[in-house]
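In what follows, a single structure is set out as structure tokens and then discussed.
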Amino acid sequence: MLNARASLASLVTGCLALTLAMQPVAAEPIAKRLFGGKKLPAVMQPAVHGFYSKGCVQGAIAIPQDGETWQAMRLSRNRRWGHPATIQTVVKLSQDGKKVGWNGLLVGDISQPRGGPMLTGHASHQIGLDADIWLTQMPNKRLSYREREQLSATSMLNVNKRGQLDQTRINPKTFTKATFGIIKTAASYKQVERVLVHPTIKRELCRIETGDRRWLYKVRPYWGHHYHMHVRLSCPADSPNCRPQAKPRADDGCGKELKDWARLLNPPKPKKTVKKKKPTKVVKRKPKRQIRLRDLPGACTVVLKAPGPVNAKAATLRLAGGQAFLPNPTPSSAASAADSAVLGRVAVPTFRPANP
């Protein structure tokens, strides 16, 4: 009897210890909820921590909703934040695009205010060094808030007879000389590490370029990306904790790599063979493991806890007199009335949209 009680007590103790050991892991919050819940950036010196798909950013700034040569899209997502180098690069690209016939940029997702995993969508875009640029030119009007939420980007792929996108053919009506020019311009920047586009777009770039082809190695083919290009910057000098991505091969990438992609996009039809039908097994897939805070660099905990600015405007790139100025926000917890008054007089963009 005593042995039975001892065994039962030992079993209960073991279960309790196992439960307590498991609690910290189960109770640890999911990273995307923490970072997705932050509406403002961390007021710290700009720096990047971790990798493009597992990290965070401090001291991020926002690109204004409107500039003379760009408009930010999908404003409800609050993803127009990035490392200052990224925001400056997007602005420069919008201006340089005019030289190649690009009317202006429609800017898609960059990053959340403090980076980190996103509630929906991208696996990357976590450290403020990635920017999605639509391959649709900015219209000659200011889009309303509703239009920015609902307007769809234009695909560069052709449409087949069934009304479906043909993954192997470019649409000459949407992919123009200006499209070629804006992609080439982005890839030509020293700070840009790579530009992701659909393999069929890469093939078209290879076909058109007859001069200096050195920039083509930066343009990397990848699934999707037929309606926007994904511009990725290299790790900035102010970020020793940024983990760089392996650089692409120095060749133009127009040979074997594109042939391999062609086979992936248009695989041969399997030969018809008569096989006995086997009962199908229902395979239960394990849910994908969520990234938790402990999976990210330790500095990201500090970034999460850091104070934010008084408001988003205080941490947004300032536009005045045709020039852009980096913001210098003050932490809201330490902002005095005088600070708030000064921040309230920050220059606004050259022209505002008449958004509802």
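Taking a virtual spin label 7 Å from the Cα of A178 along the C-beta vector, which residues in segment 93-123 bring their backbone nitrogen under 12 Å of it? Residues passing the 12 Å test: 97-106.
Using the per-residue mean of other Cβ atoms lying within 10 Å as a proxy for protection, in what order, highest first, do the peptides 193-199, 150-156, 125-131 fall? Each step should come with its number before you reach the end.
Working: 193-199: 23.1, 150-156: 16.0, 125-131: 30.0.
Averaged packing, sorted descending, gives the order 125-131, 193-199, 150-156.
The slack between W223 and N160, meaning 0.36 nm per residue of separation minus the straight C-alpha distance, is 20.8 nm.
Fully extending the segment from A262 to S76 would add 63.3 nm, taking 0.36 nm per residue of separation and subtracting the current Cα-Cα distance. Could you list the chymotrypsin sites (Phe, Trp or Tyr not before Pro) in segment 90-177 that lie in coil according to DSSP, counting only those with at most 16 other Cβ atoms within 10 Å of their Cβ? Within segment 90-177, no chymotrypsin sites (Phe, Trp or Tyr not before Pro) qualify (loop, at most 16 other Cβ atoms within 10 Å). Counting only protein heavy atoms and a 1.4 Å probe, segment 29-110 has 32 square angstrom of accessible area per residue.
For segment 33-111, the square roots of the Cα gyration tensor eigenvalues, ordered a ≥ b ≥ c, give a/c of at least 1.5 with a/b greater than b/c, which places it in the prolate category. Shape class of segment 27-72 from the Cα gyration tensor (axes a ≥ b ≥ c, square roots of the eigenvalues): prolate, since a/c reaches 1.5 or more and a/b is larger than b/c. Annotation: per residue accessible area for segment 123-241 equals 47 Å², rounded to a whole number [probe 1.4 Å, protein chains only].
Remark: segment 177-308 carries a charge dipole of roughly 1540 debye about the Cα centre, counting +1 on each Lys and Arg Cβ and -1 on each Asp and Glu Cβ. Here the accessible area is traced with a 1.4 Å probe on the protein chains. For segment 190-276, carbon and sulfur cover 56 percent of it.
The length gained on full extension between R292 and D212, counted as 0.36 nm times the residue separation minus their Cα-Cα distance, comes to 24.3 nm. Please state the shape class of segment 114-266: rounded when a/c is under 1.5, otherwise prolate if a/b exceeds b/c and oblate if not, all from the C-alpha gyration tensor. Oblate. Computed packing ranks the peptides 109-117, 298-306 as 109-117, 298-306, most packed first, by mean other Cβ atoms within 10 Å.
The values are calculated or read from the model by the stated rules, or taken from the named source; none is laboratory data. No experiment lies behind these values; they were computed from the predicted model shown. Glycine also receives a Cβ, built like all others from the backbone with ideal geometry; neighbour counts cover every protein chain displayed. Heads up: the accessible areas ignore ligands, DNA and RNA and are worked out on the full protein's heavy atoms, side chains in. Shrake-Rupley method; radii C 1.70, N 1.55, O 1.52, S 1.80 Å.
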